[in-house]
Structures are given as C-alpha cells and as structure tokens.
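The values are calculated or read from the model by the stated rules, or taken from the named source; none is laboratory data. Predicted model, so just to flag it, every value in this text is computed and none were measured. Cβ atoms come from the backbone with ideal geometry, glycine included; neighbour counts cover every protein chain shown.
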C-alpha cells in the first residue's frame, strides 16, 4: 500500500536529499552500501545478536531511501540507478531472510519455521514479478503498484520480527510474524495478478 503513497514522504525526501547530497557519495554508492549493511545485519542475525542486527537493518533500509532522495536532489536520476535500486531491494530483503534461516525457529501449525521463510521470499518474488511481467507482456501501460503488502510493509513487519526475536529468545512471536508476512505477501501477489488481468480486460 505504501508504494502508492510516496507523495506523503516528498518533504522528508527533499530534506534527506539535501543533507546526504553534500557527501562525496553517489546515489549508486548509497545503493551498494545498503547491500553491505544488509550483509552485516544478516551476520548478526546468525550470531543471534539481534539488537545489532536491527541497527544495521535500519541503516540498510534508510540508505534505500537515501539513494533515491540524493539522486533527485542532485538531478542524478538515471535508468541504471533505478534498475540497481530495484535489484538491491530484492537483495536486502533476501539477505535478511537468509540470515533468519540459521536461527532455530519453532514450527507453527506443524509447519517448520524455515518453510515460512521460504513462503515469505516466494511471495515477495512473485509480487515483484507480477508487476514486472505485467509491463513486459504489455498488459498495463504503467507500473503496477498497490496491494495489501508491498515491500515497505514487508520491511516493517520484518523489523518487528527482529525486535521480537531480540526480546523473546524462543522465537515464537518471530515465527508468527513470518507466518503473517508469508500469507499476506502471497495474497498481495494474487491481488496484483488479478489487477493486471482485470485491467487488460477493460
């Protein structure tokens, strides 16, 4: 949902773009740094040092906002930059989920924790691909957005899952959040597929 509400963050984006635009770092370098921060976060997840993992996850997520803000503030927006940003969005999310595979998540509904991680990733990939494929196959004229759980909402829920992991060492609440993301992410993928087909029928 938040991917359709970017106008809400325009003023903040301008402030961030001016602040970070003075540094000798290009928008693409900010994008690459977000990936590095995600790797560090995943390392701390594996070590079960969750407060550190949360800190670097927040930095990675913030840098994902900074790269676009700086690109627009310095009039350096490019197709390559936008492409890299999209690719690294997937990498950041995937790296964090990969880290979670190494902790002893309990089962929920008799389904192992790692299965819910797989379903989270699967829902994320199909949600993104449903958008890309709709444009590639000329079903829509503009980028297909919206749905119940876009990337921003997924990141917020992953952030909550990490906080719960830091507080509750049995990880019961963490796997519940992953279950919720898995269900809603795949529901969102179906929403986008249905939306693309519906638009094409009009």
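Assorted remarks:
- Condition check for residue 74: surrounded by fewer than 15 Cβ atoms within 10 Å (Cβ to Cβ) and either within 28 Å of residue 148 (Cα to Cα) or at pLDDT below 95 (or both): no
- Taking first residues from region 124-146 that are touching a residue at least 12 places away in the same chain (Cβ under 8 Å) and not assigned by TED's automatic domain parsing to the domain that holds residue 180 and partners that are in a loop (DSSP other than H, G, I, E, B) and surrounded by fewer than 17 Cβ atoms within 10 Å (Cβ to Cβ), no Cβ contact under 7 Å between residues at least 6 apart in sequence or on separate chains turns up.
- Qualifying residue in region 127-140 (condition: buried (at least 16 other Cβ atoms within 10 Å of the Cβ), in contact with a helix residue (DSSP H, G or I) (Cβ under 7 Å, 6 or more places away or on another chain), part of a loop (DSSP other than H, G, I, E, B) and on the phi > 0 side of the Ramachandran plot): no
- Residue within region 149-171 that is assigned to a loop (DSSP other than H, G, I, E, B), within 30 Å of residue 59 (Cβ to Cβ) and within 18 Å of the chain's Cα centre (by Cα) present: yes
- Selected residue (criterion: surrounded by the most Cβ atoms within 10 Å (Cβ to Cβ)) from residues of region 80-100 that are modelled with pLDDT of 95 or more and more than 11 Å from the chain's Cα centre (by Cα): 100
- Condition check for residue 117: assigned to a helix (DSSP H, G or I), under 26 Å from residue 183 (Cα atoms) and outside the structural domain of residue 174 (by TED's automatic domain parsing): no
- Some residue of region 38-54 being at pLDDT 90 or above and on the phi > 0 side of the Ramachandran plot: yes
- Flag for residue 25 being outside any helix (DSSP H, G or I), at pLDDT below 95 and assigned by TED's automatic domain parsing to the domain that holds residue 91: yes
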